[in-house]
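These notes concern the structure reproduced below.
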Amino acid sequence: MSLRRLALTALCICDPLEKVQAVQLLWATQKDAMLSPNEQLHQEAHQTLPGRPALPRLIPAKHVPTRTPFTPEGLAALLHAVCHIEFNAINLALDAVWRFPHMPEPYYTDWLRVAYEESQHFEMLHTHLQSLGHRYGDFDAHDGMWHMCQKTADDVLARMALVPRTLEARGLDATPLIQAKLRKANTVNALRTADLLDIILREEVGHVAIGNHWYRWLCEQRGLDPVAHYRELTRRYEAPKLRPPFNTEARQRAGFTEAELDYLLGG
């Protein structure tokens, strides 16, 4: 089977730990599979995307309760929320690999690497969550990231614009704020969570940079201005309005230009 077809197979796996194992095996053995960038793949009738467990229960984002790190249960809920983000991120990266044909070969290996690193993030966060007496699925969650994945399924350019460099880039902004609360809580488990987020933040900068790279490459191929077209895509796909504070330093490392940062700030 081709690497892209194997990515689709991994995307359909429902059990989180089995999905993690499949992604890590695919990363380790990728040279044994054909890349097949021009193969037109289709979701089979029996396949439900993404594969995910029966729990957590998915509810509207506005109904998800506030999570505080200042109680053991609140810290577990906060950690669970980050686990859920990383599980979704595995699925988003796998979807980017299988769904869009006719891209350069490095596009596919870039997103397979992202899926692999996201699987590592999920694994280490879930291990920590289990040490607190909980498992993935114990708390309610929302499905905003996958909804945007579905909305942009028709266009790889829209996908690059609105998932990695919009929704996932929001994590660059949110992480330092979460870490500040965790360090204020100042418990062993809260500080351990903050340390794990340090590791994740460093690698997420690289993931957003991949989204920026391929967004700009696609804009160049289509003769589009990246800033002006991004504005059009956010309108067309009803992307969430991004509001400060922004982690400007992390966004610069992820490849956002001054013009793009000015746009975010309303300049």
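Of note:
- The residues in the stretch 113-162 that are of a type in the set (Gly, Ala, Ser), out of contact with any strand residue (DSSP E or B) (no Cβ under 7 Å at 6 or more places or on another chain) and surrounded by fewer than 24 Cβ atoms within 10 Å (Cβ to Cβ) can be counted, and the count is 6.
- The listed residue being within 30 Å of Thr71 (Cβ to Cβ) and either in contact with a Leu (Cβ under 8 Å, 6 or more places away or on another chain) or surrounded by 17 or more Cβ atoms within 10 Å (Cβ to Cβ) (or both), out of Leu233, Leu197: Leu197
- Long-range neighbours under 8 Å by Cβ, at least six apart or interchain, first residue touching a residue at least 40 places away in the same chain (Cβ under 8 Å) within the stretch 173-191, second among the polar types (S, T, N, Q) and crowded, with 16+ Cβ neighbours inside 10 Å: Asp173/Asn247; Thr175/Asn247; Pro176/Asn247; Leu182/Thr193
- In the set Leu17, Leu55, Leu26, Leu8, only one residue is surrounded by 12 or more Cβ atoms within 10 Å (Cβ to Cβ) and in a loop (DSSP other than H, G, I, E, B); that residue is Leu55.
- Breaking point among (1) under 12 Å from Tyr237 (Cα atoms); (2) open to solvent by less than 10 Å² (accessible area, probe 1.4 Å), for Arg165: (1)
- Set Ala33, Ala77, Ala81: member being modelled with pLDDT under 95 and touching a Lys or Arg at 6+ places or on another chain (Cβ under 9 Å): Ala33
- Restricting the stretch 61-78 to residues that are in a loop (DSSP other than H, G, I, E, B) and open to solvent by 70 Å² or more (accessible area, probe 1.4 Å), the residue that is nearest to Val188 (Cα to Cα): Phe70
The values are calculated or read from the model by the stated rules, or taken from the named source; none is laboratory data. Worth saying up front: this structure is predicted, and the values here are computed from it rather than measured. Ideal geometry is used to build each Cβ from the backbone, glycine not excepted, and the neighbour counts take in all protein chains shown. Only protein heavy atoms, including side chains, enter the accessible area calculation; ligands, DNA and RNA are left aside. Shrake-Rupley method; radii C 1.70, N 1.55, O 1.52, S 1.80 Å.
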